[in-house]
Every structure is written in C-alpha cells, then in structure tokens.
C-alpha cells in the first residue's frame with residue numbers, strides 16, 4: 001500500500017495492523033471506531049501537530065519491519081461513552097426544549113404579549129435547554145474528547161454511568177415539578193438540585209482526574225477546561241440555592257434577576273470555557289488555519305474569569321443599588337471585549353494556510369463553525385447596546401431576549417452541531433449519515449435564529465407591531481425542524497455499525513501457508529489456538545482480537561510482530577492440522 005497525503009487511516013490500519021504501534025504513539029488508535037477514523041493521514045498529522053514526513057517515515061518502517069518485536073496491539077473496540085449523553089440531549093431538546101419553546105413563542109405571538117406566558121414554564125424550559133441539551137452534549141463530548149486531547153485514558157470510567165443516571169433524575173424532577181401546583185411534592189425540587197450536584201461533582205472529578213493524569217505538556221487550553229469545571233460547580237451550587245428559595249418561600253418562580261444572572265454565569269463560564277478550550281486545540285486543523293494567537297487567547301481567559309463574578313453579583317443587585325446598576329452596565333464592555341479578542345486570537349475568519357488544500361475530505365462542518373462565531377459577534381454587539389437602553393425597560397428586555405437566543409442557539413447550538421458533524425463520524429470511523437440533511441439543518445437553524453433574534457429586537461423598537469410578533473412566532477418552528485433533522489441525522493450516524501470487513505472465505509484449509517489468515521486457521525481448527533499461545537501470541541486468547549486483528553493478519557505478519565521463526569511456526573501449525581485429519 002503506497003502511502004500518500006490522502007491515504008485513509010482506517011484503510012491503512014486494516015491493510016497493515018502493524019502500523020497501530022505508530023498511531024498509538026500519537027494517541028490515534030483509541031479514537032475512530034473499530035478500525036480507526038475515516039481521515040486522511042495529512043489531516044491527522046496537522047490535527048495532532050505531528051510532522052507529516054516523520055509520520056509517514058515511521059509508518060513505512062513499521063510496514064517494512066512488520067511491527068517489530070513484541071508489539072502490543074490495542075483492542076480495537078468502539079468507545080460509545082458519549083452516546084447516551086448525546087441521545088438523551090436530543091430527546092430533551094425535541095420535547096421540553098425547542099418544541100416547547102416553539103409553542104411558547106407561538107402563544108406569545110398570538111397574544112402579542114411576552115408577559116402572557118406563565119414565567120415558571122419558561123424557567124423550566126430554560127433549565128431543560130441549558131442543563132439538558134447544552135449540558136449533556138458538552139458532558140458527553142468532554143468524556144470522549146478530553147482523554148484524546150490530553151493523550152491519556154479516561155479516569156474513573158465506571159463512575160460515568162452513575163453520573164448519567166443522577167443528572168437525568170435531577171433534570172426530570174426539576175422540569176416536571178417546578179411548574180406544578182402540588183405543594184406536597186415540592187420538597188423534591190431541592191432534591192433535584194442535590195442529584196444534579198452529585199452528578200456534576202462526579203463529572204468534574206472524572207475530567208479533572210483525567211487532565212491531571214496526563215503526561216503531556218500543559219497546553220494553553222488546559223486552564224480553560226479547569227476554569228469551566230469551576231464555573232460548572234459554582235453554577236450547580238447556585239442552582240441548589242435557587243431551588244431551596246423556591247421551596248422555602250412556597251413559590252414557583254425563581255426571582256428573575258437571579259435566574260437571568262445565573263443563566264449567563266453558566267453560559268459564559270462553563271459553556272464558553274469548554275467550547276473555547278476545544279476550539280483552541282482543534283479549530284486550526286479543522287479550518288486549515290494558523291494556530292491561535294496565544295497572547296490574545298490568554299487575555300480573553302483572564303478578562304472573562306475576572307469579569308464574570310462581578311457581572312453576576314452586579315446584575316442580581318442592580319434593582320436595589322445604584323452602584324450595582326452602574327457596575328452591571330459597565331461590566332458588559334470587558335466581557336464583549338474578551339469575546340471579540342478571543343475570535344481575533346482564534347483566527348477563525350482568516351485565510352486558509354492551504355496546507356491541506358490537496359487533502360480530500362468532507363469539510364461541510366467548517367461553515368457551521370464559522371457561522372457560530374458570526375452569531376457570537378452578534379451576541380457581543382447586542383451586549384454592548386443593552387446598557388444604553390434604560391434599565392428594566394421594555395426595549396431592554398427585548399434586546400436581552402435576543403441576546404440569550406443569539407448565544408444559546410446562534411453560537412452554542414451551532415457549535416454543537418458543527419462539532420458533532422465532524423467529531424462523531426470521526427469517533428466511529430465513518431461518514432455522516434446524510435450530508436444533504438446536514439446542509440438542510442444549517443439553513444433551517446440559521447433561518448429560525450435570524451427571525452427570532454431580529455424580530456424580537458423589532459418588536460421592542462416598533463412598539464410591538466403585530467407583523468414582528470407574527471415573524472417571531474414562526475421562528476421556533478424553523479429551529480424545531482432544524483434540530484429534528486439534525487437529531488435524526490446524528491442518531492442514524494451513531495447507530496451505524498462499523499465492523500471489520502469480512503474477507504471471502506478461501507474454503508476448507510488443507511494446510512497453512514505464510515499468507516493464510518490467522519482467523520481462518522483458528523476458526524476451522526480450534527485446536528491450533530494452543531499452538532499460537534505456545535509461541536507467545538497471548539492476544540489470541542481474546543476472542544475480540546481473533547475476530548478483528550485475526551481477520552487481516554497473515555501468518556507472516558503475525559510472525560514478524562512477535563519475532564517468531566515463521567518456518568517453525570508453520571510446521572507446528574501444519575503438524576497440528578495433520579493430526580486432526
């Protein structure tokens with residue numbers, strides 16, 4: 001097999017399993033389904049910051065030597081740790097999330113009044129979206145991606161199922177119970193927050209343990225991950241405080257100033273930190289651009305993390321204290337500055353380096369990632385306008401709603417879709433189920449987000465004209481269609497089963513040659529398994545290895561891998577088969 005920049009890694013691994021030793025060195029083999037990712041070598045080299053020529057040289061040497069002496073071949077098993085988190089997130093957003101949101105918007109449009117909706121329902125819907133849709137997606141992807149980014153194993157993997165069960169229990173109780181007028185069961189609301197605290201504490205412990213266990217040098221993105229965990233824990237603690245308040249005061253509604261500040265703390269803290277960290281590590285390869293400007297990215301980190309607690313406290317107290325009000329108005333400027341500085345530092349809108357110009361691969365995700373950053377710029381502009389609109393005014397409230405939608409749907413959801421469309425096919429070593437559906441998702445989601453963000457602003461600036469309310473009412477259904485199509489497309493992609501190709505059987509073996517496949521020998525003559533074990537092939541005791549590596553490894557290849565005399569090995573196998581006859 002002649003290697004070139006467009007050689008697909010999974011094809012190379014299937015043809016030459018001995019190259020696994022090289023890929024394991026660069027932490028590839030634990031990603032990409034049962035055979036490796038469906039990516040060209042040149043893309044992999046850039047993404048992992050490996051010199052392409054050095055990598056190809058090492059691969060060719062491995063092929064020539066047959067892997068060397070005593071090669072340890074990792075188990076080729078697909079890691080599905082992210083699936084239950086992502087699938088549950090899809091279910092939540094297509095029920096109590098975006099579906100319920102579309103219904104709420106339509107009702108507001110019919111009534112031409114934002115205050116016509118029971119606000120507790122909006123808060124329950126908001127929790128489903130930020131902790132359910134956004135939170136579960138980030139948790140699932142983090143559990144898969146962070147070990148690979150840090151070139152280590154996921155620590156405490158056995159705790160992930162407990163983490164999942166507790167977050168689902170907490171979410172379910174909160175979403176169902178907060179709007180219900182049944183006083184006897186409202187003690188379950190603080191319990192729902194406790195369940196979420198347990199889950200998120202376990203998640204934080206897993207992620208921090210994994211990051212700290214890595215022997216890789218500390219990257220610029222590491223502190224973003226760690227800060228994101230801190231803000232997630234703080235947000236979860238505040239959420240518990242809000243539920244205790246609701247229970248103790250026998251009310252259904254969290255104070256609006258507290259809830260709004262909490263949402264922004266969660267989004268700008270936890271969500272932004274995690275998205276920024278992954279972007280720093282991957283966007284330069286995904287978009288074929290230069291690496292980040294580290295000074296700009298570092299400046300973003302410090303300005304954001306210093307500004308956020310001030311933003312949270314000032315906004316909570318703005319109604320009661322003039323100094324807090326002025327601080328809340330001022331602090332929007334450093335936050336917007338930090339966001340725009342990050343976009344500059346990431347180079348997301350700069351020209352391609354053309355390093356991967358000759359590489360053939362699907363890059364449809366690129367427009368989604370770049371569009372997400374356009375929406376983040378829109379978010380920053382709205383954030384800068386809001387302080388000038390009069391505190392608590394109707395106009396400011398409409399701009400505030402547009403801000404929330406631009407950041408949650410325009411930036412965060414667009415980023416989730418862009419990364420899911422790139423990473424999940426990579427995780428599985430396949431292509432996205434339907435590129436056409438991906439493009440349709442992109443069009444519908446941007447249409448819905450555009451209609452929502454700008455119609456809500458126009459409702460405020462026009463004094464509430466029915467036309468703009470009508471446009472607002474349709475926006476949610478575009479987004480529902482987009483996320484429904486995306487959910488189906490991603491679900492089908494996750495459900496595709498990628499198994500090692502089954503070679504055509506050569507018929508009943510009468511003897512073994514150097515080209516005979518290991519699987520065929522043990523399959524037809526199980527008694528030969530002992531011969532393999534006697535010659536040091538301990539992996540053959542594992543049926544998974546026999547069914548994967550054994551199907552592509554010949555006797556000659558296996559002998560090279562273990563530094564075994566192929567003539568003696570062949571004689572021993574043929575003698576065993578002859579006895580069977």
Review point. For a label point 7 angstrom out from the Cα of residue 470 toward its Cβ, which stretches of segment 96-140 have the backbone nitrogen within less than 12 Å?
Key: 110
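Give the peptides 340-347, 251-258 in descending order of average Cβ contacts within 10 Å, highest first.
Descending mean neighbour count gives 340-347, 251-258.
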Review point. In degrees between 0 and 90, to the nearest 10, how far off the longest principal axis of the chain does helix 414-428 point, with axes built from Cα atoms?
Key: 10 degrees
Check your understanding: How many percent of all Cα-Cα pairs in segment 306-424 sit more than 22 Å apart?
Key -> 45 percent
Review point. Which label belongs to the value computed from this structure, given these candidates for Rg/Rh (Cα atoms, Kirkwood Rh): (1) 1.07; (2) 1.05; (3) 1.18?
Key: (2)
Review point. For residue 298 and residue 527, what is the calculated FRET efficiency with R₀ set at 60 Å and r taken between the beta-carbons, to the nearest 0.05?
Key: 0.40
Point to revise | Label-point gap, in nm, between residue 351 and residue 556 - each point 7 angstrom along Cα→Cβ | key: 4.9 nm
Review point. In what sequence do 169, 415 fall when counting other Cβ within 10 Å, fewest first?
Key: 169, 415
**Study point:** Debye equation applied to the C-alpha atoms of segment 381-502, log10 I(q)/I(0) at 0.14, 0.22 Å⁻¹
**Key:** -0.66, -1.14
Exercise for review: Provide Rg and Dmax in Å for segment 85-238, with only Cα atoms included in the calculation.
Suggested key: 17.8, 59
Check your understanding: Using alpha-carbon positions, what is the distance between the centroids of segment 74-131 and segment 459-496, in Å?
Key -> 12 Å
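Taking only C-alpha pairs under 8 Å that are 6+ residues apart, what is the relative contact order of the chain in percent?
Over the chain, the number comes to 17 percent.
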Practice item. Round to a whole angstrom and tell me the spacing of the C-alpha centers of segment 307-353 and segment 186-201. Key: 30 Å
Review point. Could you work out the helix-only [θ] at 222 nm for the chain, with each DSSP H run of four or more residues adding -39,500 (n - 2.57) and the total divided by the number of residues, to the nearest 500 deg cm²/dmol?
Key: -21000 deg cm²/dmol
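How many Å³ per residue does the convex hull of the Cα positions in segment 187-316 occupy?
Details: hull volume 15.0 nm³, N = 130.
Measuring per residue, one finds 115 Å³ for the Cα hull of segment 187-316.
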Revision key, fill the gap. In degrees, nearest 10, the alpha-carbon axis of helix 543-552 is tilted away from the dominant principal axis of the alpha carbons of the chain by 70 degrees
Check your understanding: Between the helical axis of 435-461 and the dominant principal axis of the chain, each derived from Cα atoms, what acute angle in degrees is found, rounded to the nearest 10?
Key -> 10 degrees
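Any read-out appearing in this document is the output of simple, stated calculations on the displayed coordinates, not a laboratory observation. What you see is a predicted model, and the numbers here were worked out from it, not measured in a lab. Neighbour counts run over all protein chains shown; Cβ positions are idealised from the backbone, glycine included.
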